[in-house]
Amino acid sequence: ITKKKGGIGISYANENLTILPKDYLDLEKELKEAIENNEYEMYYQPIVDVDKNIIWGAEALLRWNSKKRGLVSPGRFIPILEESGLINEVGDVIIEKVLKDIKEFENKDINFIISMNVSGIQLLSQNIALKLLDRIKELNIKKDKIIVEITESVLMENIDFILPQIELLKKEGIKIEIDDFGTGYSSLAYLKKLPISALKIDMTFVKDILKDEEDEQIVKAIISMAKSLNKKTIAEGAETKEIVDELKKLGVDYIQGYYFAKPMPKEKLKNFLENFIKNKRG
Ligand code: C2E
Ligand code: MG
Ligand code: MG
Ligand code: MG
């Protein structure tokens, strides 16, 4: 996603994605109606603290529960939300839902941190930091309960524009993580300066860590760099015990992946947490 003269444009690393689906116009219309029809829902995927062996947090992930199409994954519809600009409206829905869920978790004694994805379009077309901070204040939410995820490519390609928002969040006590780390082009000078608390190592490196020597070296290098810059690391997409063990050996701080849990509706979280404590620690 890049700022252009005439406004905001999207460019994808994978050129194929710019080919719009045949039913693009239908989808766009349905995605808009989905707001009023209340078809958007947040799922939560637990994140494990490797040293303490506890659930440290969860990532909030958008789902579209379409009456017509069933449960649709973000990979299919987020590009359309971004292309059409609808991501701003849906982004507001996401903020509302996530903040209210955080409140609910607090009341139910579910004690963890929620990370929320923010689209580059949102960051470039409005002051999302300010909006978020206002709502957090209105709802009286503890600021250390929420983390904002920004993808590496969006952040680095638009650093001048996004930096003030990041600095505001940081100043107000909200942590920021770089998502899909390793797939963009980070400037090391920026990485050193930016008020970022953690790097989320992209799934593409994690998935083949046992098979591909280079991927293993990349993950090693990211962890070692993060440590020396005093940032945490989170590995995404760990699907097997072998991968989890390897990541632990390499010294990653947090792990998120199907091995522990798939994203789930919030109603299932409490049960999951109780079972996790029973099985892994009890
Ligand atoms: P992401 O932010 O990098 O989220 C992680 C994705 O990896 C999620 O896919 C999650 O389900 C998936 N994942 C986690 N562990 C595993 C694993 O072990 N194996 C496999 N195969 N996958 C795993 P999901 O939910 O489909 O989301 C895809 C992307 O859509 C997200 O990538 C994010 O870029 C975007 N997205 C999702 N929710 C939101 C949202 O609320 N707002 C915005 N702006 N983007 C979102
Ligand atoms: Mg994310
Ligand atoms: Mg990611
Ligand atoms: Mg991603």
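Tabulated data for the structure shown
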quantity	calculated
Positive dipole terminus of the chain, leading residue within Ile150, Ile222, Asn53 (C-beta point charges)	Asn53
Among Gln45, Gln126, Gln256: highest mean-square fluctuation, GNM of the chain, C-alpha pairs under 10 Å	Gln126
Within the chain, helix-based [θ] at 222 nm, where runs of 4 or more DSSP H residues each add -39,500 (n - 2.57), nearest 500	-13500 deg cm²/dmol
Assigned charges on the beta-carbon of Lys, Arg, Asp, Glu; the chain dipole about Cα centre (debye)	800 debye
Spatial separation of Cα centroids for the range 189-252 and the range 92-132, in angstrom	25 Å
Evaluated over the range 23-129, the Cα radius of gyration and Dmax, each in Å	15.2, 48
Percent antiparallel among DSSP beta bridges (both partners in the chain, rounded to 5)	45 percent
Shape call, the range 110-182: gyration tensor on alpha carbons, a/c limit 1.5	oblate
The chain, accessible area per residue, ligands and nucleic acids excluded (1.4 Å, Å²)	51 Å²
Kirkwood hydrodynamic radius over Cα pairs of the chain, then Stokes diffusion coefficient at 4 °C and 1.567 mPa s, in µm²/s	66 µm²/s
Rg/Rh for the range 173-235, where both radii come from Cα atoms and Rh is the Kirkwood radius	0.97
Prolate/oblate/rounded call for the range 110-262, Cα gyration tensor, a/c under 1.5 rounded	prolate
Percent carbon-and-sulfur accessible area, the chain, ignoring ligands, DNA and RNA, probe 1.4 Å	51 percent
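The values are calculated or read from the model by the stated rules, or taken from the named source; none is laboratory data. Predicted, not measured: the structure shown is a model, and the values here were computed from it. Positions of Cβ are backbone-derived with ideal geometry, glycine not excepted, and every protein chain shown enters the neighbour counts. Just the protein is used for accessible areas: all its heavy atoms, side chains included, with ligands, DNA and RNA removed. Shrake-Rupley method; radii C 1.70, N 1.55, O 1.52, S 1.80 Å.
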